[in-house]
Amino acid sequence: MDEIRRVMVAGWLVGVLGAVLVITSLLSLRAGYKLVTVQGESMTPTYGVGDPVVVERVGAEEVRRGDVVLYRVPERYQDAHVLQRVVGLGGDRVVCCAGAAGTDKERIVRNGAPLVEPYVRGGIADGTHRPYDVRVPEGRLFVLGDYRLNARDSRAFVSDHGGTVPGSAVVGRVTGDYVVPVLLALLLLVGVLLLFGAALLVAGARDVRRRPSTMRLWPEHF
């Protein structure tokens, strides 16, 4: 019976360890990351419809120019989350446009310097023929889609704070660094396997306890 008791204790300890790993990894994944599926074409060719992207939850103070952020502004997009690129931060002046409108020579100007944006579709920085000159208020972001001819972004709301969105609306930014979420997912898997193994150990020990036998659960020297 001592052997059975040791097996049950070991099973419970393994189970507790597995539960800790599962709970910790799940909470960390939920608190730090969000997996979303791209719903529209406004970020093509960078992200197409149906593409899964990993969003790292960060505060607005961590957002940088050029980041692709996920944000939510209900008064503009109902309850939808929107994925767009940060072109201007608080204090920046964003002007459209320099160069030949509607061509790959067109450039958005930020703080007096034309932007080089290799990610925009067709090389067209705007293409709408509706000039704007926005001074981004502090604590807000000027955001644009990468498919400028088919994006409902800051340009569509210029009358409201220059079309900018509040930093508090940011859910997170798209990340290409999957090391941490992959490690957390592996820990989650290990935790599940430990729980499964613990259940087998405890169930086996209980079964042996119900059916007394001269058979040993492990060698004598253990």
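Taking the stated definitions as given, is VAL14 assigned to a helix (DSSP H, G or I) and either within 19 Å of GLY145 (Cβ to Cβ) or open to solvent by less than 80 Å² (accessible area, probe 1.4 Å) (or both)?
Values: assigned to a helix (DSSP H, G or I): yes; either within 19 Å of GLY145 (Cβ to Cβ) or open to solvent by less than 80 Å² (accessible area, probe 1.4 Å) (or both): yes.
Yes, satisfied.
Where the second residue is of a type in the set (Val, Ile, Thr) and open to solvent by less than 40 Å² (accessible area, probe 1.4 Å) and the first is within 21 Å of ASP79 (Cβ to Cβ) and lies in the stretch 27-39, which pairs have Cβ atoms under 7 Å and are six or more apart or on separate chains? Partner pairs satisfying both residue conditions: TYR33/VAL54; TYR33/VAL55; LYS34/VAL55; LYS34/VAL171; LEU35/VAL54; VAL36/VAL53; VAL36/VAL55; VAL38/VAL53.
Being within 29 Å of the chain's Cα centre (by Cα) and open to solvent by 30 Å² or more (accessible area, probe 1.4 Å) narrows it down to one of ARG140, ARG148, ARG130, so name that one.
On the way: ARG148 fails: open to solvent by 30 Å² or more (accessible area, probe 1.4 Å); ARG130 fails: within 29 Å of the chain's Cα centre (by Cα).
It is ARG140.
Among the residues of the stretch 130-162, those that are under 20 Å from VAL63 (Cα atoms) and of a type in the set (Asp, Glu) comprise GLU138, ASP146, ASP153. Counting only strands (runs of 3 or more DSSP E) that fall entirely inside the stretch 42-98 and contain at least 1 residues that are open to solvent by 20 Å² or more (accessible area, probe 1.4 Å), the qualifying elements are 52-56, 82-88, 93-98.
Would you confirm, using the coordinates I've provided, whether ALA101 is small (Gly, Ala, Ser), open to solvent by 50 Å² or more (accessible area, probe 1.4 Å) and outside any loop (DSSP other than H, G, I, E, B)? No.
Here the stretch 89-110 is the region considered, the condition is being hydrophobic (A, V, I, L, M, F, W, C) and closer than 28 Å to GLY167 by Cβ, and the residue that is modelled with the lowest pLDDT is ALA98. Pairs are defined by a Cβ separation below 6 Å, a sequence spacing of at least 6 or placement on different chains, a first member in the stretch 46-62 that is more than 13 Å from VAL36 (Cβ to Cβ), and a second member that is among the hydrophobic types (A, V, I, L, M, F, W, C); the pairs so defined are ALA60/VAL170. Evaluating VAL179 against the criteria (1) open to solvent by less than 100 Å² (accessible area, probe 1.4 Å); (2) at pLDDT below 85; (3) farther than 28 Å from VAL58 by Cα leaves one unmet condition, (3).
The values are calculated or read from the model by the stated rules, or taken from the named source; none is laboratory data. Treat the numbers as computed from the prediction; the structure is a model and nothing was measured. Quick reminder, even Gly has a Cβ in these numbers, built from the backbone with ideal geometry, and neighbours come from all protein chains shown. In case anyone asks, the SASA skips ligands and DNA or RNA and just uses the protein heavy atoms, side chains included. Shrake-Rupley method; radii C 1.70, N 1.55, O 1.52, S 1.80 Å.
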